[in-house]
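Here, each number is a calculation from the coordinates, and none is a lab measurement. Computed from a predicted model, the values in this text were never measured in an experiment. Please note: Cβ atoms are built from the backbone with ideal geometry, for glycine as well, and neighbour counts cover all protein chains shown.
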Amino acid sequence: MDSVAASRHAAPPAVLENYERLLEIVEQQSHVTLVAEDEDTQVGFLLMLDQLPDEVTGQDQGFVAYMAVEPAYRSRGVGAALLDAAENEARRRGLPYMALMVTEENAPARALYERAGYTTERRLLCKTL
Ligand SMILES: CC(C)(COP(=O)(O)OP(=O)(O)OC[C@H]1O[C@@H](n2cnc3c(N)ncnc32)[C@H](O)[C@@H]1OP(=O)(O)O)[C@@H](O)C(=O)NCCC(=O)NCCS
């Protein structure tokens, strides 16, 4: 639900269903899964598509399809470490860019991405009808 804009009146079951659909779509494509662990506990993950060219320029890029950190482990740098590892993996594969989408109200995610050097390239506009 952290990724749902206030303007979308979405119920948690529908969001969960679409999250599961996103995972299925990612699994059908070339991707990298990174898992952050604290000893034996999985505390976060990042899914990166590595063959999703930018739809405007056609240039190769990595694309963060989703990432999340367990609430109890947030604000300890786990998200930053996952993103850094994904960027290193993308560089290793010769990908010149990394892209992702983030909801405007998702302050923790935006702070993380901005601190990592991401800038806004396009905007997704929405109007309630
Ligand atoms: C976004 C997310 C992955 C960040 O993970 P994390 O491990 O907490 O990330 P980091 O610790 O590296 O950095 C988080 C930074 O967000 C900022 N932050 C945390 N909570 C915040 C809040 N409520 N408001 C504004 N900024 C906030 C802080 O700057 C924090 O760094 P700091 O505590 O060191 O100052 C995590 O919040 C999460 O799983 N959110 C739910 C899923 C999600 O939104 N995924 C992203 C989809 S695009």
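Specify which residue in the list Thr33, Pro96, Ala5 is farthest towards the positive end of the charge dipole of the chain, using unit charges on the beta carbon of Lys, Arg (+1) and Asp, Glu (-1), about the Cα centre. Sorting the options by dipole projection puts first Ala5. Remark: the stretch 53-68, residue by residue, has Karplus-estimated 3J(HN,Hα) of x, 4, 6, 8, 9, x, 6, 4, 7, x, 9, 7, 6, 6, 8, 7 Hz, where x stands for each Gly or Pro and the curve is 6.51 cos²θ - 1.76 cosθ + 1.60 at θ = phi - 60°.
Amide H contacts under 5 Å for Ala65: Leu47, Met48, Leu49, restricted to partners 5 or more places along the chain or on a different chain, H placed in the peptide plane at 1.01 Å from N.
Dipole magnitude of the stretch 68-129 about its Cα centre, charges +1 at Lys/Arg Cβ and -1 at Asp/Glu Cβ only, in debye to the nearest 20? Present the calculation step by step, with values, prior to reporting the outcome.
Working: 10 positive and 8 negative charges, 22 e Å.
For this selection, approximately 100 debye.
The gain in end-to-end length when the Leu124 to Ala81 segment is fully stretched comes to 12.8 nm, 0.36 nm per residue minus the alpha carbon separation.
In order along the stretch 95-112, the phi-based Karplus estimate (6.51 cos²θ - 1.76 cosθ + 1.60, θ = phi - 60°) of 3J(HN,Hα) comes to 7, x, 9, 10, 10, 6, 10, 9, 6, 3, 7, 7, 4, x, 5, 4, 4, 4 Hz; Gly and Pro are listed as x.
Report, in debye and to the nearest 20, how large the dipole of the stretch 1-121 comes out about its Cα centre when Lys and Arg carry +1 and Asp and Glu carry -1 on their Cβ. Present the calculation step by step, with values, prior to reporting the outcome.
On the way: 9 positive and 21 negative charges, 55 e Å.
It comes to approximately 260 debye.
According to the square roots a ≥ b ≥ c of the eigenvalues of the Cα gyration tensor, what is the shape class of the stretch 76-129, taking rounded for a/c under 1.5, prolate for a/b larger than b/c otherwise, and oblate for the remainder? Oblate is the answer for the stretch 76-129, as a/c is 1.5 or above yet b/c matches or exceeds a/b.
For the chain, take the alpha-carbon Rg, divide it by the Kirkwood Rh, and send me Rg/Rh.
Working: Rg = 15.1 Å, Rh = 15.8 Å.
A ratio of 0.95.
When the Cα positions of Gln42, Leu52, Ala111 are compared along the charge dipole of the chain, Ala111 comes out farthest toward the positive end, with charges on each C-beta of Lys, Arg, Asp and Glu. In this structure, the amide hydrogen of Gly44, modeled 1.01 Å from its nitrogen in the peptide plane, lies closer than 5 angstrom to those of Ala36, Glu70, counting only residues at least 5 positions away or on a different chain. In order along the stretch 72-84, the Karplus-derived 3J(HN,Hα) couplings, from 6.51 cos²θ - 1.76 cosθ + 1.60 at θ = phi - 60°, round to 5, 10, 6, 6, 10, x, 5, x, 4, 5, 5, 5, 4 Hz, and Gly and Pro are given as x.
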